[in-house]
Amino acid sequence: MRHDEYTSSPSCPVEAAIETIEGKWKGSILFHLHYGPRRFNTLHQDIEGVSPRILTKALRDLEDKGLITRTVEDGAPPAVIYALSPLGETLRPVIGALEAWGRRYLTERGIACAPAGEAGLT
């Protein structure tokens with residue numbers, strides 16, 4: 001459920017945070033941008049299974065929420081670069097904590113997950 005105001009419960013800050021970044025692809029987008037700015041095509045290649053249309057929609061939503069920036073650089077064709085905004089930068093510890101928790105969760109269940117370095121991330 002989407003809220004315009006979060007005043008009815010002590011958990012409202014958590015609800016607001018989750019609603020801001022929820023969605024199948026937003027976590028992956030934020031994870032990849034956590035490692036540095038990316039061009040649209042690079043993000044599309046890095047995030048398996050997302051269509052260009054859905055990726056564009058998720059990027060626009062994150063931009064509308066102020067979590068990422070979109071910069072168009074001159075060229076033929078123009079390069080569109082996405083990066084964490086100053087507000088998005090405040091998510092760095094959260095993204096790192098989610099990555100660490102997720103790796104621990106998967107490991108405890110015997111599920112393999114490639115290290116970030118193997119995905120071309122540094």
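Nothing in this text is a laboratory measurement; each read-out follows from the coordinates by a stated rule. These numbers were taken from a predicted model, which means no experiment stands behind them. Glycine gets a Cβ as well: all are built from the backbone with ideal geometry, and neighbour counts include every protein chain shown.
Using the Karplus relation 6.51 cos²θ - 1.76 cosθ + 1.60 with θ = phi - 60°, the per-residue 3J(HN,Hα) values for the stretch 35-40 come to 8, x, x, 9, 6, 4 Hz, with x marking Gly and Pro. Working from label points 7 Å from Cα in the Cα-to-Cβ sense, the L98 to R53 distance is 2.5 nm. Around the Cα centre of the chain, unit charges on the Cβ atoms of Lys, Arg, Asp and Glu (plus for the first two, minus for the last two) sum to a dipole of about 260 debye.
Annotation: amide H-H contacts under 5 Å for I68 (H modelled 1.01 Å from N, sequence separation of 5 or more, or interchain): E63, S85.
Fully extended, how many nm does the chain gain between R39 and L87 (0.36 nm per residue separation, minus their Cα-Cα distance)?
Working: separation 48, 0.36 × 48 = 17.28 nm, distance 1.97 nm.
Fully extending the segment from R39 to L87 adds 15.3 nm.
In the stretch 26-59, whose amide N lies under 12 Å from the spot 7 Å out along Cα-to-Cβ of A79? List them in ranges. Residues 37-42 fall inside that zone.
Around the amide H of R39, modelled in the peptide plane, lie the amide H atoms of Y82, all under 5 Å away and 5 or more residues distant in sequence or on another chain. For a paramagnetic label modelled on A17 (point 7 Å from Cα along Cα→Cβ), amide N atoms under 20 Å away belong, within the stretch 54-97, to 62-63, 65-68, 84-97. For W25, nonlocal amide neighbours, meaning residues 5 or more places apart or on other chains whose placed amide H falls under 5 Å from its own, do not occur. Computed from the alpha carbon positions, the gyration tensor of the stretch 24-119 leads to an equivalent ellipsoid with semi-axes of 25, 15, 12 Å, biggest first.
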